[in-house]
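K.L.:
Can you keep this structure in mind? I'll have questions shortly.
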């Protein structure tokens, strides 16, 4: 597997701080978390109320707009705020079919340029 230099630097910091014996152990732990997160999202059904939090560089607005428009029917409120010099945070208050909420979250997660994506079911 290959990773950008900045990501390797951050992985090494997490490895040291978290007491992982090597990068492989760190990657296995990260994959376990991703699988658990995916199972939780896939288990949602019925109607859901949630907040989706997305962070990204300010130059990467296009994917946000694309996904937002694709899921207009469940987006109740969208708040954009700049944090720091070039970072942005997007908050989406969503309400609707849980499968659509899950799909919207996964669409953001698929975008390489997103720094983080969190789903908070409320």
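K.L.:
Determine whether the stretch 43-56 contains at least one residue that is loosely packed, with under 15 Cβ neighbours inside 10 Å, at pLDDT below 95, assigned to a helix (DSSP H, G or I) and out of contact with any helix residue (DSSP H, G or I) (no Cβ under 6 Å at 6 or more places or on another chain).
P.N.:
yes
K.L.:
A follow-up question, please. Output the residues belonging to the stretch 11-42 that are over 25 Å from residue 91 (Cα atoms), without any contact (Cβ under 8 Å) to a residue 12 or more places away in the chain and assigned to a helix (DSSP H, G or I).
P.N.:
Selection gives 12, 13, 15, 16, 17, 18, 24, 25, 28, 29, 31, 32.
K.L.:
Right, next: State all residues of the stretch 21-33 that are exposed (fewer than 12 other Cβ atoms within 10 Å of the Cβ) and either touching a strand residue (DSSP E or B) at 6+ places or on another chain (Cβ under 8 Å) or under 18 Å from residue 112 (Cα atoms) (or both); if no residue qualifies, say none.
P.N.:
Passing the criteria: only 31.
K.L.:
Next up: Name the residues in the stretch 57-67 that are over 17 Å from residue 116 (Cβ atoms) and in a strand (DSSP E or B), would you?
P.N.:
Once the filter is applied, which keeps residues that are over 17 Å from residue 116 (Cβ atoms) and in a strand (DSSP E or B), the stretch 57-67 yields nothing.
K.L.:
Out of all the residues in the stretch 11-20, is one or more at pLDDT below 90 and surrounded by 14 or more Cβ atoms within 10 Å (Cβ to Cβ)?
P.N.:
Looking through the stretch 11-20, none of the residues is at pLDDT below 90 and surrounded by 14 or more Cβ atoms within 10 Å (Cβ to Cβ).
K.L.:
Right, here's the next one. List every residue pair whose Cβ atoms sit under 6 Å apart, with the two residues 6 or more apart in sequence or on different chains, where the first one lies in the stretch 110-122 and is in contact (Cβ under 8 Å) with a residue 40 or more places away in the chain and the second, anywhere, is part of a loop (DSSP other than H, G, I, E, B).
P.N.:
113/60
The values are calculated or read from the model by the stated rules, or taken from the named source; none is laboratory data. Note that the structure is predicted; figures quoted are calculated from it, not measured. When we count neighbours, we look across all protein chains shown, and the Cβ atoms used for this are built from the backbone with ideal geometry, even at glycine.
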